[in-house]
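Working notes, beginning with the structure itself.
A short reminder: the numbers here are calculations on the coordinates, not readings from a lab. Computed from a predicted model, the values in this text were never measured in an experiment. Here the Cβ positions follow ideal geometry from the backbone for every residue, glycine too, while neighbour counts run over all protein chains shown.
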């Protein structure tokens, strides 16, 4: 096999000039060996290429070009250097390492990392000992991939945030259940086959839980009830930031997953649906100093990770054992290269950054005022139209909702979730906070020049109760996670309305359905960007488990038989989504102005109590109404919209609410009353008789919406 010195860029494995160019970073290594494999399960390589420091290294990059190597070639590295844990170095030339820039990793087998420790687990010296035995049989192989693909003219859709409806879901969970009825359940192709359902639902964007390669078998616990081994289902434990998860492929797991992912994106785009990826740049699956070594730790531990003053230990701001050193120039480049790859080569439309506050920490773990990587992402030319959404907190105590740096970032607004749940539960003192949330959270986003759509509003997400469980359980039920229910949030701001879990009492079931409609109506009529947890539209339940990260089974999968059982809820949600997207008044790009001193202009929003008097926020009860001006001047739309009058009654009693007069020459028409049975609960155009009374009898715990015509 003819070889040449190669070039230091790009990093990874790149097909070029009748062969493949390999390049990998390591500053402190003393030797690098490229290992080629013919089979995904070989314990030893078929061929080893020793990279000479004198000819195959430029700066900190080791590189080589090999003639005749093609797409599909399997490879790993062995990298040697000092094993000095107390100095931050954990090189072990016996171990086989995954290329951080690999665009595919082999699948179809259960990872076994017991031989992938830099130290000897049996030694009394712990991680200060040195492991001299290793083989590659238990880890995936990197795959040389060809970027060529017929996109058929496809480009990222890049809808404006304010015109987006995000649907958070899981690639596997969306179609793994037998009720999905797809040909390839639990796969990228299964998602493609489920597109008609997503189109009919009306959402604009899917946000997938992590699809970057991870080890689903990393947990060593079993379900105490069933004995089934628990698996990492969510995937927040990344192994490869360029590699789509192999086990989500129906067509093969030796590179086919890359093509199948692209086919899925192309099909979603053709149906008008964006693709947003949940990305985990805050930590890796290598864990703390007692974890396995299969990539970053063995390539250059002191560069890639935040280490404590005692450099044997890892800074842990993710709650998962380690924290990536995101603002080191090398890690910054990897993050940018990964984002560019997924946008340019995989055509995704946006990213949600898990524990995004970690991106703002320096090498000592301190929060920075102007973090370089956050600013670089926000100002990057390639990503200019790409959605950037931060989970603006981390496990180290950082909480930056409303203050995440970087200018154009949107944020998951957990204060929306909490204030909305507490209002509808009937907690005292939450009417004013609820009003602030449905009006776009100006207290969080107005002061730094951001807009309402920078608030990603949600009532539920993957982390916590489903919507059906929010109204069915007063406490978490996580016994099946084998952590003695220590995991998951303790305060869920939920209620069971008399019975914990499933209820036979029709009155309890009716109230729970109404509360779900109340939550959904609040969400879709709020200023901001709504995010719907997948399955909430038809009452998906996790039986009270509020941390189903390890439940790769029917607890987490979408049971579509519920679409028939809860058809009224599903149809209500479809109507809500279409109603929102067809009315510019709910898509406005600016915050409400409220009362205007210019007497020639009506206020764009006015708040009332049940007596029709403008609200005194210091004495407001659990009933609130508001009037929205839908004129062109207020919403910056191409045409005027209807005006709206909305009543939110979170009290446990019915209330006769005063309804203000409609605009001159128009009449109010009722669109929504969540207390009514379907189909009267939602008449999208208000086609019934006009409402001409002065008061409306608003049922306890319900929402009523009028539009002017």
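For the reader, a short list of remarks on this structure follows.
- Antiparallel DSSP beta bridges within the chain, percent to nearest 5: 75
- Separation of the residue 270 and residue 135 label points, Cα + 7 Å toward Cβ, nm: 4.6
- When DSSP beta bridges are restricted to pairs lying wholly in region 352-470, around 20% turn out antiparallel.
- Cα-based shape type of region 3-143, given that a ≥ b ≥ c are square roots of the gyration tensor eigenvalues and the cut on a/c is 1.5: oblate
- Contact order normalised by residue count of the chain, Cα under 8 Å, 6+ apart, percent: 10
- Cα gyration tensor, region 264-336 - rounded (a/c under 1.5), prolate or oblate: prolate
- Here each label is just a point 7 Å from Cα along the line to Cβ, and for residue 504 and residue 483 those points are 3.5 nm apart.
- Residue exposure sequence - 25, 404, 91 - by fewest surrounding Cβ within 10 Å: 25, 91, 404
- Residues of region 51-67 with an amide N closer than 18 Å to a point placed 7 Å from the Cα of residue 27 along the Cα-to-Cβ direction: 57-63.
- Cα gyration tensor shape of region 161-584, rounded if a/c is under 1.5, else prolate or oblate by comparing a/b with b/c: rounded
- DSSP beta bridges confined to region 161-584 are antiparallel in about 25 percent of cases.
- Look at 177, 170 and count the other Cβ atoms within 10 Å of each Cβ; fewest to most, that gives 177, 170.
- With neighbours defined as other Cβ atoms within 10 Å of a residue's Cβ, the residues 364, 283 order from fewest to most as 364, 283.
- Gained length - residue 114 relative to residue 54, 0.36 nm times residue gap less alpha-carbon distance: 18.1 nm
- For the pair residue 311 and residue 149, a Förster radius of 51 Å applied to the C-beta separation gives a FRET efficiency near 0.75, rounded to the nearest 0.05.
- In the chain, helices alone account for a calculated mean residue ellipticity at 222 nm of -5500 deg cm²/dmol, with every DSSP H run of four or more residues adding -39,500 (n - 2.57).
- Note on residue 368/residue 87: beta-carbon distance plugged into 1/(1 + (r/R0)^6) with R0 of 25 Å gives a FRET efficiency of 0.50.
- Counting 0.36 nm for each residue step from residue 567 to residue 382 and taking away their Cα separation leaves a gain of 62.3 nm.
- 0 to 90° range, to nearest 10: angle between helix 256-270 axis and the chain longest Cα axis: 20
- Paramagnetic label zone (point 7 Å from Cα along Cα-to-C-beta, residue 375; backbone N under 17 Å) in region 329-351: 329-330, 332-333, 336
- Taking Cα atoms only, the orientation of helix 506-524 departs from the longest principal axis of the chain by about 70 degrees.
- In this calculation the C-beta distance from residue 403 to residue 709 is compared with R0 = 41 Å, giving a FRET efficiency of 0.45.
- Average Cα contact separation per residue, region 226-312, under 8 Å, 6 or more apart, as relative contact order %: 22
- Distance (nanometres) between label positions extended 7 Å along Cα→Cβ at residue 199 and residue 590: 3.8
- Extension gain for the segment residue 128 to residue 428, taken as residue separation times 0.36 nm less the Cα-Cα distance, is 102.4 nm to one decimal.
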